[in-house]
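What follows is a short report on a single structure.
The values are calculated or read from the model by the stated rules, or taken from the named source; none is laboratory data. Fair warning: this is a prediction, and the values are worked out from it, not measured in the lab. Counting neighbours? That spans all protein chains shown, and the Cβs are built from the backbone with ideal geometry, glycine included.
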């Protein structure tokens with residue numbers, strides 16, 4: 001039996017995406033705020049999302065702070081050691097699909113508008 005590592009996340013970007021190159025492959029990172037209510041209190045989780053290659057380029061082009069997205073992907077744990085030899089780790093979501101729910105980054109342009117149910121699969125993800 002195979003294990004399953006799958007995440008579906010709905011939220012809004014907390015700031016503009018950060019785009020860079022990892023060797024010859026595009027990488028785009030952003031943080032999504034996802035809120036929920038529990039016992040009459042509202043909680044917010046901040047989740048870091050990573051996209052690769054063509055999906056990274058598309059996210060950089062169309063997403064901005066406040067954009068609402070639906071993310072499908074998997075949890076990835078990163079580990080490292082500090083200069084003081086302390087072990088650190090964090091869990092991020094490596095996205096396979098990003099569905100844009102809000103408006104385009106360039107909403108002032110003539111062709112801007114609701115991106116709607118645009119689902120962009122990451123078929124070139126080097127880790128997927």
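Can you confirm whether region 108-126 contains a residue that is closer than 15 Å to residue 7 by Cβ, at pLDDT 90 or above, under 16 Å from the mean Cα position of the chain (by Cα) and not in a helix (DSSP H, G or I)? Among the residues of region 108-126, not one is closer than 15 Å to residue 7 by Cβ, at pLDDT 90 or above, under 16 Å from the mean Cα position of the chain (by Cα) and not in a helix (DSSP H, G or I), which makes the answer no. Among the residues of region 2-61, those that are touching a residue at least 40 places away in the same chain (Cβ under 8 Å), over 17 Å from residue 101 (Cβ atoms) and touching a helix residue (DSSP H, G or I) at 6+ places or on another chain (Cβ under 8 Å) comprise 19, 25.
Only residues that are under 21 Å from residue 24 (Cβ atoms) and crowded, with 19+ Cβ neighbours inside 10 Å: list them for region 64-101, please. Hits for region 64-101 are 94, 95, 96.
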